[in-house]
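**Q** Dumping the structure here so I can ask a few things about it.
The values are calculated or read from the model by the stated rules, or taken from the named source; none is laboratory data. Everything numeric here is computed off the predicted structure, so don't read it as measured data. Cβ atoms come from the backbone with ideal geometry, glycine included; neighbour counts cover every protein chain shown.
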Amino acid sequence: MTTQEIKGIHHITAITSSAEKNYDWFTNILGLRLVKKTVNQDDIQTYHLFFADDEGNPGTDMTFFDFPNVPKGSKGTNDIARSSFRVPSDRALDYWLKRFEHFDVKHSEIKEQFGVKVIQFEDFDEQQYQLVSDENLEGVAPGKPWKNGPVPEEFGIYGLGPVVIRVSDLNRMSTILEDTLHFRKIAQDGSLVLFEMGEGGNGGRLILEVSTILPPARQGYGSVHHVAFRVEDRSVLDLWTERLSNLGFATSGYVDRFYFESLYSRMYPGVLFEFATDGPGFIDYQESYENLGEKLALPPAYEAHREQIEGMVRPIDTVRSTKTFEKEYFGFDEA
């Protein structure tokens, strides 16, 4: 892998109708750890919640904006249609069937996608997800399941899997992925086309779903805002800024998100890509490993405005270091 190569999926950012429901869903049902509770740096009255693995490792976090009064999004084409989470094994998927049934989560049965077993499901906003099994797969290394959460570690979510993007123009998006981003086309199955980046595997995959019938999607709650790809550091980010500009793509230029450094580009209509560095990460001078996500964290540039910002966003109790989550097996360990 060259130093300039994209390493895998970094994070996915979506939109929720309720930060409170979103926190409850990811904490108590999916068993992901809230590693940062902050605000949208471009809209400080809006929460930005980061859910990830036990340590907030890159490639494990799904984040959410809580825009006030945003309408519900509509499904369609030219849109990031589905997010995936990795679990360690096929047996973990059997556990998740029991878990979803217990919590009355709308879900599919176990199916197969490019030789990988998956379960598709949705949340209270009809946001579309899937769990993907890492059984017998190598490639981009996973993170670590949240060890103090309610899901047994041997079944826990520990990273992001393939991002599914629905497109009306397969040739245009394929050219961007292969010629510009240097992704590799691996397989095609009907309307689905599989690409890999970096070391591949579930943490380095993107799936295009071709639809020329659906209308364009409309963004709102229940939809994905953007997907971010992993790059090593600022020097690689600058190389991508130069490369995209030379190829005629408009970019945001360098953006410092404090927890990582970024570059944004809308290279295909309706789909926003971000390039994000692996560091610095979420464990910092504001929060230690033990209390990640428990306070309203603000980047230094916003700290002087803390009183104003705290007056804009409603309080959400996210303290978990004083609580004990019992591991929930639902009798599965006895099956």
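**Q** Considering only segment 296-309, how many residues are within 26 Å of the chain's Cα centre (by Cα) and either over 8 Å from Ile44 (Cβ atoms) or exposed (fewer than 11 other Cβ atoms within 10 Å of the Cβ) (or both)?
**A** So the answer is 6.
**Q** Same structure, new question: For segment 50-81, what are the residues that are modelled with pLDDT under 95 and out of contact with any strand residue (DSSP E or B) (no Cβ under 8 Å at 6 or more places or on another chain)?
**A** Asn69
**Q** Looking at Ser84, Ser18, which is the one that is closer than 23 Å to Val118 by Cβ, touching a residue at least 40 places away in the same chain (Cβ under 8 Å) and polar (S, T, N, Q)?
**A** Result of the check over Ser84, Ser18: Ser84.
**Q** Still on this structure, I have one more. Could you grab me the full set of residues in segment 236-277 that are touching a Ser or Thr at 6+ places or on another chain (Cβ under 8 Å), over 17 Å from Asn40 (Cα atoms) and of a type in the set (S, T, N, Q)?
**A** If the condition is that a residue be touching a Ser or Thr at 6+ places or on another chain (Cβ under 8 Å), over 17 Å from Asn40 (Cα atoms) and of a type in the set (S, T, N, Q), then Thr241, Ser245, Thr251, Ser265, Thr277 are the ones that fit.
**Q** Just name the residue that is surrounded by the fewest Cβ atoms within 10 Å (Cβ to Cβ) out of those in segment 240-267 that are in contact with a strand residue (DSSP E or B) (Cβ under 7 Å, 6 or more places away or on another chain) and in contact (Cβ under 8 Å) with a residue 60 or more places away in the chain.
**A** Phe249
**Q** Just give me the residues in segment 97-127 being in contact (Cβ under 8 Å) with a residue 40 or more places away in the chain and farther than 19 Å from Phe332 by Cα, in sequence order.
**A** Answer for segment 97-127, where residues must be in contact (Cβ under 8 Å) with a residue 40 or more places away in the chain and farther than 19 Å from Phe332 by Cα: Gln113, Phe114, Val116, Asp123, Phe124, Asp125, Glu126, Gln127.
**Q** Next question, about the same structure. Output the residues belonging to segment 132-174 that are in contact with a Gly (Cβ under 8 Å, 6 or more places away or on another chain), of a type in the set (A, V, I, L, M, F, W, C) and in a strand (DSSP E or B).
**A** Within segment 132-174, Val132, Leu160 qualify.
**Q** A further question on this structure: Mind telling me which of the residues Thr318, Thr322 ends up being without any contact (Cβ under 8 Å) to a residue 12 or more places away in the chain and of a type in the set (S, T, N, Q)?
**A** Thr322 is the lone residue from the list that is without any contact (Cβ under 8 Å) to a residue 12 or more places away in the chain and of a type in the set (S, T, N, Q).
**Q** For Gly270, which of the numbered conditions (1) surrounded by 18 or more Cβ atoms within 10 Å (Cβ to Cβ); (2) on the phi < 0 side of the Ramachandran plot; (3) not hydrophobic (A, V, I, L, M, F, W, C) fails to hold?
**A** (2)
**Q** Scanning segment 21-75 for residues that are charged (D, E, K, R) and part of a loop (DSSP other than H, G, I, E, B), which turns out nearest to Phe100 (Cα to Cα)?
**A** Applying the filter and picking the extreme gives Asp53.
**Q** What number of residues within segment 280-315 are assigned to a loop (DSSP other than H, G, I, E, B), of a type in the set (A, V, I, L, M) and without any contact (Cβ under 8 Å) to a residue 60 or more places away in the chain?
**A** 1
**Q** Does at least one position in segment 244-251 carry a residue that is within 28 Å of Glu20 (Cβ to Cβ) and under 22 Å from the mean Cα position of the chain (by Cα)?
**A** no
**Q** Given the options Phe124, Phe85, Phe100, name the one that is of a type in the set (Phe, Trp, Tyr) and either modelled with pLDDT under 95 or assigned to a loop (DSSP other than H, G, I, E, B) (or both).
**A** Of the residues listed, the single one that is of a type in the set (Phe, Trp, Tyr) and either modelled with pLDDT under 95 or assigned to a loop (DSSP other than H, G, I, E, B) (or both) is Phe124.
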